[in-house]
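The values are calculated or read from the model by the stated rules, or taken from the named source; none is laboratory data. Fair warning: this is a prediction, and the values are worked out from it, not measured in the lab. Positions of Cβ are backbone-derived with ideal geometry, glycine not excepted, and every protein chain shown enters the neighbour counts.
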Amino acid sequence: MKYKDYYASLGLERSASEEDVKKAYRRLARKYHPDVSKETGAEEKFKEIAEAYQTLKDPEKRAAYDQLGSHAPGQDFQPPPDWRQQYSESPFSAEDLDLSDLFAHLHAGAGRSGARRSRPGQDFEIAVAITIEQAFQGTQLDLDLNMPEYDAAGRLHRTPHAFKARIPKGATDGQRLRLPGKGGKGLNGGRDGDLYLNISLRPHPLYRATGHDLYLDLPLAPWEAVLGTAVEVPTPGGVVRLKVPPGTQAGRHLRLPNRGLPKPKEGQGDLYAIVQIVVPSVIGDAERDLYQKLSTDSGFDPRAHFATEAGHAN
Amino acid sequence: MQIEVTEVLWFEQHELSLPELAELSGLPMTLAEELLDCGAIAPLELRRARADLRFGSAALRAARAARRLRSDFELDLQALVLALGLLERVADLEAQLRELRARQPQPIL
């Protein structure tokens, strides 16, 4: 079993008072709680803090922890033989156990003789990032989880669980999936916990997703926007032809119905091509002449409204 | 090691009764009822007898957040209702921001 320094996790000395422990936890929980924090790695950090607090806030658990002695964090160690007899409710195998499991199931004194109560298994929640292509087609994820579990002999172990979860098409950013019974095993007839997957979409070089709709920037040359054209547009389902009407302004949203991400039950989001008018950064002499001619011949005044609006103001 | 393939359930398609909501979120039933009374957890349709109320994914999400916040911050009912309300507003604003960003063309370099 690897040693963890719970005092260091909370930034405390070993001599810290109960009040100090509580204050340190409150301060750090406010900063790292995954429901309120946007810091990167907040979830991992909070787990560490919460684990330390669970043990140190309880005087009996804290005493048991203190008697494990002080080791370097991450160092392999064994609880002393009399420690097991004094504190542990059930036999355990220290090799493949996490320190947190030991303290979560530690019932010093009173709990030991009590009847075995049924307890539901722990729920787990993990974040998974998928690509827009995977959301479009559906995908299969390889999940590797380490969960505390009791074996047939009632000994506590950390058991690795590897399984594949089939994500049907229709998942999108912020969506959650539930895998019933895939969390921690229930105890003494309690139901197995669930596993929740929080889906996020990885950034895509072309598409931006909101819900099941996708947005794509569609660059057009000035003459394409003026004269109209038909362009080939990539969509997750393949290239489609899009008609750009003459006189298309920059910023217009051209809608491609049902070309966005599929929805879970039925239907599909839309894809919007946002028109951008782009100009060449380098032009040849012939092009320059054409632009010159256009500049001379055109009666178009893109800022005509400046004059009228300014007139109203006076 | 044996690899099994697991089917997943859409969170969005859940319809739960209040006891199921309490069980799945790990909230005590009395607290789930109090959160319902305060409007912190909303049923899919309001005009029903309490025993017939059904709850969707938003309610399960709120209930699970309530369970976490309550145990991790030792919040009482008032503080819990306040925190859930604020979290919901943050989530709404984030969704709006995400949509606005998606609709915003990227600058041309």
Across the range B:79-100, what is the total count of residues that are facing another protein chain (nearest Cβ under 10 Å), surrounded by fewer than 16 Cβ atoms within 10 Å (Cβ to Cβ) and within 12 Å of the chain's Cα centre (by Cα)?
1
Keeping to the range A:196-211, report how many residues are in contact (Cβ under 8 Å) with a residue 12 or more places away in the chain, more than 12 Å from A:ILE130 (Cβ to Cβ) and crowded, with 21+ Cβ neighbours inside 10 Å.
3
Over the range A:241-256, the set of residues out of contact with any Gly (no Cβ under 9 Å at 6 or more places or on another chain), surrounded by 10 or more Cβ atoms within 10 Å (Cβ to Cβ) and not in a strand (DSSP E or B) is A:ALA250, A:GLY251, A:ARG252
A:LYS164, sole failed condition from (1) at the interface with chain B (Cβ under 9 Å from one of its Cβ atoms); (2) part of a loop (DSSP other than H, G, I, E, B); (3) out of contact with any helix residue (DSSP H, G or I) (no Cβ under 6 Å at 6 or more places or on another chain):
(2)
Within the range A:3-15, identify whether any single residue is assigned to a helix (DSSP H, G or I) and within 20 Å of the chain's Cα centre (by Cα), and answer yes or no.
no
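Among the residues of the range B:82-109, which ones are of a type outside the set (A, V, I, L, M, F, W, C) and under 23 Å from A:HIS204 (Cβ atoms)?
As a first pass, look at the range B:82-109 and keep what is of a type outside the set (A, V, I, L, M, F, W, C): B:85, B:88-89, B:92, B:94, B:96, B:98-99, B:101, B:103-107.
Of everything in the range B:82-109, those that are of a type outside the set (A, V, I, L, M, F, W, C) and under 23 Å from A:HIS204 (Cβ atoms) turn out to be B:GLU94, B:GLN96, B:ARG98, B:GLU99, B:ARG101, B:ARG103, B:GLN104, B:PRO105, B:GLN106, B:PRO107.
In the range A:16-31, is there at least one residue being closer than 30 Å to A:VAL128 by Cβ and of a type in the set (Asp, Glu)?
Going residue by residue through the range A:16-31, those that are closer than 30 Å to A:VAL128 by Cβ are A:25, A:28-31.
Still in the list and also of a type in the set (Asp, Glu): none.
Looking through the range A:16-31, none of the residues is closer than 30 Å to A:VAL128 by Cβ and of a type in the set (Asp, Glu).
Of the residues that make up the range A:222-233, is at least one closer than 19 Å to A:ASP173 by Cβ and either surrounded by fewer than 18 Cβ atoms within 10 Å (Cβ to Cβ) or more than 10 Å from chain B (Cβ to nearest Cβ) (or both)?
From the range A:222-233, those closer than 19 Å to A:ASP173 by Cβ are none; that's our starting set.
No, the conditions are met nowhere in the range A:222-233.
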Which numbered condition trips up A:MET1, out of (1) buried (at least 16 other Cβ atoms within 10 Å of the Cβ); (2) in the same structural domain as A:LEU99 (by TED's automatic domain parsing)?
(2)
Result of the Cβ filter at 6 Å on the range A:21-43, keeping first residues that are within 12 Å of another protein chain (Cβ to nearest Cβ) and under 12 Å from B:LEU69 (Cβ atoms) and partners that are in a helix (DSSP H, G or I) and at pLDDT below 90, at least 6 apart or interchain, is A:PRO34/A:ALA42; A:PRO34/A:GLU43
Give just the number: which of (1) surrounded by 11 or more Cβ atoms within 10 Å (Cβ to Cβ); (2) away from every other protein chain (no Cβ under 14 Å) does B:ASP76 not satisfy?
(1)
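Condition first: surrounded by fewer than 20 Cβ atoms within 10 Å (Cβ to Cβ) and either touching a Cys at 6+ places or on another chain (Cβ under 9 Å) or over 21 Å from B:GLU94 (Cα atoms) (or both). Now tell me which residues in the range A:166-177 satisfy that.
Step one: list which residues in the range A:166-177 are surrounded by fewer than 20 Cβ atoms within 10 Å (Cβ to Cβ), which gives A:166, A:168-169, A:174.
Answer for the range A:166-177, where residues must be surrounded by fewer than 20 Cβ atoms within 10 Å (Cβ to Cβ) and either touching a Cys at 6+ places or on another chain (Cβ under 9 Å) or over 21 Å from B:GLU94 (Cα atoms) (or both): A:ARG166, A:PRO168, A:LYS169.
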Identify, please: which residue in the range A:192-216 is in a loop (DSSP other than H, G, I, E, B) and farther than 22 Å from A:ALA162 by Cβ and is, among those, nearest to the other protein chains (Cβ to nearest Cβ)?
A:GLY211
Name the residue, out of A:PRO73, A:PRO80, that is without any contact (Cβ under 8 Å) to a residue 60 or more places away in the chain and either within 14 Å of chain B (Cβ to nearest Cβ) or farther than 18 Å from B:ALA65 by Cα (or both).
A:PRO80
Residues of the range A:269-306 being touching a residue at least 40 places away in the same chain (Cβ under 8 Å) and either part of a loop (DSSP other than H, G, I, E, B) or surrounded by fewer than 10 Cβ atoms within 10 Å (Cβ to Cβ) (or both), in sequence order, are A:GLY269, A:ASP270, A:VAL278, A:VAL279, A:PRO280
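Does B:ARG103 fit the bill of being at the interface with chain A (Cβ under 9 Å from one of its Cβ atoms), touching a Phe, Trp or Tyr at 6+ places or on another chain (Cβ under 9 Å) and within 17 Å of A:HIS33 (Cα to Cα)? Write out each step before concluding.
Numbers: at the interface with chain A (Cβ under 9 Å from one of its Cβ atoms): yes; touching a Phe, Trp or Tyr at 6+ places or on another chain (Cβ under 9 Å): yes; within 17 Å of A:HIS33 (Cα to Cα): no.
It is false that B:ARG103 is at the interface with chain A (Cβ under 9 Å from one of its Cβ atoms), touching a Phe, Trp or Tyr at 6+ places or on another chain (Cβ under 9 Å) and within 17 Å of A:HIS33 (Cα to Cα).
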Is it true that some residue in the range A:143-152 is surrounded by 17 or more Cβ atoms within 10 Å (Cβ to Cβ), at the interface with chain B (Cβ under 7 Å from one of its Cβ atoms) and free of Cβ contacts under 8 Å to residues at least 40 places away in the same chain?
no
